[in-house]
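Participant: First the structure, then my questions, so here it is.
FYI, it's all coordinate maths here, none of it is from the lab. Remember, it's a predicted structure, so these values are computed and weren't measured experimentally. Glycine gets a Cβ as well: all are built from the backbone with ideal geometry, and neighbour counts include every protein chain shown.
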């Protein structure tokens, strides 16, 4: 359950009154998600998502996130569109926290992604990267390479509680990544968290992308690496080359990867696995077992990382067949 901030009926009605959205018909908390409180709000003029931003979100980043959704939507990317109130504001306050309304997207996220989903995901990701060009605001990747070692140091003494050799595995891998991380790749706005639950489909047709609250400026193919980790491994953590081939084929059909990007993908995939291994490990050790949010097993990303360590080129992800 990801409803951290409860709101009263009176607070909700007062909040909605500042928008030209008619009267509130219903409001229901949304259980999915881990960072913020979300409600599904029905009014006489439509259906909307109300997001209340919790403590882990820096308020200084909110203009970037909300502005990016407006920018992408204006350029044909189907994503939630922030709703402006009667004074033109997209960001307001509710229950003592920053809050915003965005439009509701139809569709469901794929619980068991198929090859067809991966193909469409690749195309949509490339379109998003192209549409992000020209966005005026900038945000550094707070969970990029420079943030990994400081995060590791916060839990390294307790890492053996997850796996006996986890501390040495992460330490060795961080040393490799810090020495090998590419610096000559095309940069732009990336989603940085495009897991299946952030991509909606109606049947096999992609209907929209959501949850841009990790979006930032970084190397574009890093987003592909995050997606390979999120979409192309089965529940038993075995790599599915058919899904990766489809994802890469979809992406490359819209935005052709440069040679440096192709060469860098195995390292970027290792880095993406490391990013989620670190955040999941930290949360696993620091989230109370009775918390509202279910902890995600970091060992899944140990298995992904070990696979990527065996990869020698993008061909091992099926790219040769994808071209």
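Participant: Per 0.36 nm of contour for each residue apart, how much would the distance between residue 86 and residue 195 grow if the chain were fully extended, relative to their Cα-Cα spacing?
Facilitator: The span from residue 86 to residue 195 would gain 35.8 nm if fully extended.
Participant: Between residue 11 and residue 153, how high is the FRET efficiency from 1/(1 + (r/R0)^6) when r is the Cβ-Cβ distance and R₀ = 35 Å? Nearest 0.05.
Facilitator: My answer for the efficiency is 0.30.
Participant: With axes computed from alpha carbons, what is the tilt in degrees of helix 115-131 against the longest principal axis of the chain, rounded to the nearest 10 within 0 to 90?
Facilitator: So the helix axis and the longest Cα principal axis differ by about 70 degrees.
Participant: Taking the mean number of other Cβ atoms within 10 Å as a proxy for protection, how do you rank 305-312, 224-231 from highest to lowest?
Facilitator: Those peptides, ordered most packed to least, come out 224-231, 305-312.
Participant: From zero outward in steps of 5 Å, how is the percent of C-alpha pairs of region 211-323 spread across the bins?
Facilitator: Histogram of Cα-Cα distances, whole percents per bin: 2, 11, 21, 23, 18, 13, 6, 4, 2, 0.
Participant: Same structure again: Among 71, 98, which comes first, second and so on when ranked by fewest other beta-carbon atoms within 10 Å?
Facilitator: Lowest count first: 98, 71.
Participant: Based on the Kirkwood radius over alpha-carbon pairs, what is the Stokes-Einstein translational diffusion coefficient of the chain at 25 °C with 0.890 mPa s viscosity, in µm²/s?
Facilitator: Once the numbers are plugged in, D ends up at 119 µm²/s.
Participant: Same structure again: May I ask you to compute the full-extension gain from residue 204 to residue 109, defined as 0.36 nm times their residue separation minus their alpha-carbon distance, rounded to one decimal in nm?
Facilitator: Contour length minus Cα-Cα distance gives 33.2 nm.
Participant: With each label point set 7 Å from Cα along the Cα-Cβ vector, what nm distance links residue 258 and residue 309?
Facilitator: So the two model labels end up 3.1 nm from each other.
Participant: Which whole-number percent of Cα pairs in region 6-127 have a distance greater than 20 Å?
Facilitator: Here the long-distance tail beyond 20 Å is 48 percent of all Cα pairs in region 6-127.
Participant: What percent of all Cα-Cα pairs in region 146-287 falls into each 5 Å bin, going from 0 up to the bin containing the maximum distance?
Facilitator: With a bin width of 5 Å, the distribution comes to 2, 8, 16, 21, 20, 16, 9, 5, 2, 0.
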